Structure formats: structure tokens, C-alpha cells
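Have a look at the structure below, then the notes.
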Amino acid sequence: MLLALILLIFILTLFSINVYLSFDKKGVRLTVKYLGIKVFNLDTSEKKTDRPSEELKPPEEPKPEPEPESKKPEPEFEITEITEIPEVSKEPEAEPNPEPQESPKPEESVQEELEKEQKGSSLMDKWNVLKQYLPKVKTALKKLLKLIKIRDLDLHLTVGSDDAATAGQNFGKINAVFYNALALICCLFSVTIKKTEIKCDYEHKAFEAEGSLHVKAKVLSILALAVYILTIYIKAKSALDNLDKPESESNSRKKDHNERKEK
């Protein structure tokens, strides 16, 4: 029974996850499918037919106006203001004598410098250990991104302005940013382009975008690379822990030595 379950899970991981994305003025439509079954569906362009039942609510009754507050009776007697206030002579407080600051001991300053040097050397040792694993992580991430396939990339942009000069400048800037970003995406992922287009409107202010794409990725390959990256992380962490152990032992020895000197 257990072998049959493992075999079934292995067969299911051989299939790909398909993500369909499209967007325009109306909204965004996102669909995730696995084995031809819709796992997730999002459509922001659908108009909500069910309106809130505000019209069915009964009319609100007019709130009664608050009655004016009755004036409080004024007291018959008069309150005289005190014009003169007797001055009280205050004796000047004696300022506390500042305590003499103790000059730092030379032994403590030397110990602090030694601790700083040890921290700097430990950081360099950790960086040298991590540097060995960086190329492996880099190649694994490249392979992982290449396994994500982008198909039928279709993108249309419209840029415009009332002034022809500013419209032309914006058109040039958008072209530079868009095609550089597209080149980076093509380097990272496996991409097939259906159509890309940028239009310029010299009469109206506009910035519109619409397009669609299909993203495909195999579950088994992604899981295998994720496990590989996890093993690299565990190896790097164990190497860093081994570096910290001798430092803790040396610190404990120094403490014992200092305690013996004090005794």
C-alpha cells in the first residue's frame, strides 16, 4: 500500500502546473490548472450583478432636534481678583559637586581591542566559508529559473501626451526600459514571444497596457532543485557552527585564566 502511494505521488509530480494570465483595461484574469483541473481562478473584470439592497431599507426617521440647554443661574456674589501676589524668596539651590570620572583602565581598553580583532577575524572566516557555497547556489538558482517556461508572451503598450515632444520623449524612455527588462527576463527564464508592441499617441494623454502569457513548470524538477538548495544550506550552516565551536572554547579558557589571576 505504501509503495503504491509513493508511486502515485511520483507520477503526479511528473505533470506540469499551468498558469494563464491576461490583463487589459477591464481587469486581470488568472487561472491555475493542474492535470487539466482548475485549481485557482481569479477574474476582476466580471461585473457584479448583485447590488447591495440599499433601496429596500426603510427611510430613516428624522432625529429630534436637541433642546437648548437651560442657562445656569449666575451667583449673586462677585468674585474679586487678587492683583498682588506676595513674592517668596527662594534660596539658590546648591549645585551638586560633579563626581570625578574614573579614567578607563589600560587593561580594559586592550581587552576591548582584542575582542574587536577577534570579531573581525571571525566574520572573515565565515565569509570565506560561505564563499565556497555561493557558486553552487548560483548554478542551482539558474537551473531552477530555466525550468519555469513562459510561453506565448503577448504584450501591447500605448504611451501618449498632449504635447508631441513629451510624447516622443516618453515613448523613447518606455522603449528603453521595456526592452531591457524583456532581455533580462529572457536570460533568466525560458521564454517564447508571440508579439510585443509599443504605440505612441501624439494627441491624447494615455498609458495603457494589455497582454497575456502562459507559464509552465514541472513539479518534480522544482522539488528536486529545492531539495538540492536545502542540502547546500545545511552544509553551510554546519560549517559555520564548526567555526563557532573553537571560538567558544577559547573564550571559556580565557575566562578561567582571568579568574585564576584574580584569585
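Structural descriptor for region 1-44: relative contact order 27 percent, calculated from alpha carbon pairs under 8 angstrom and at least 6 residues apart.
For a protection proxy built on the mean count of beta-carbon atoms within 10 angstrom, sort 17-27, 148-158, 134-144, 2-12 highest first, please. Walk me through the numbers on the way to the answer.
Working: 17-27: 15.1, 148-158: 16.8, 134-144: 12.9, 2-12: 9.2.
Per-residue mean Cβ counts within 10 Å order the peptides as 148-158, 17-27, 134-144, 2-12.
Taking each residue as 0.36 nm, the span from Leu182 to Leu243 lengthens on full extension beyond its C-alpha to C-alpha distance by 17.6 nm. Positive end of the charge dipole of region 180-244 (Lys, Arg +1 and Asp, Glu -1 on Cβ, about the Cα centre): tell me which of Leu220, Leu184, Phe207 has its Cα farthest that way. Farthest towards the positive pole: Leu220. Pairs from the table (Lys26/Lys146; Lys126/Lys218; Lys173/Lys195) lying more than 28 angstrom apart at Cα are Lys26/Lys146; Lys126/Lys218.
Which FRET efficiency value, to the nearest 0.05, do you get for Lys126 and Leu7 by plugging their Cβ-Cβ distance into 1/(1 + (r/R0)^6) with R0 = 35 Å?
Working: r = 43 Å, r/R0 = 1.24.
Using R0 = 35 Å, I get an efficiency of 0.20.
On the basis of the beta-carbon distance and an R0 of 30 Å, Ala206 and Asp154 show a calculated FRET efficiency of 0.95.
Read the figures in this text as sums done on the coordinates, not as results from a lab. The model shown is predicted, which means the values in this text are computed figures rather than measured ones. Heads up, the Cβs are rebuilt from the backbone with ideal geometry, glycines too, and the neighbour counts pull from every protein chain shown.
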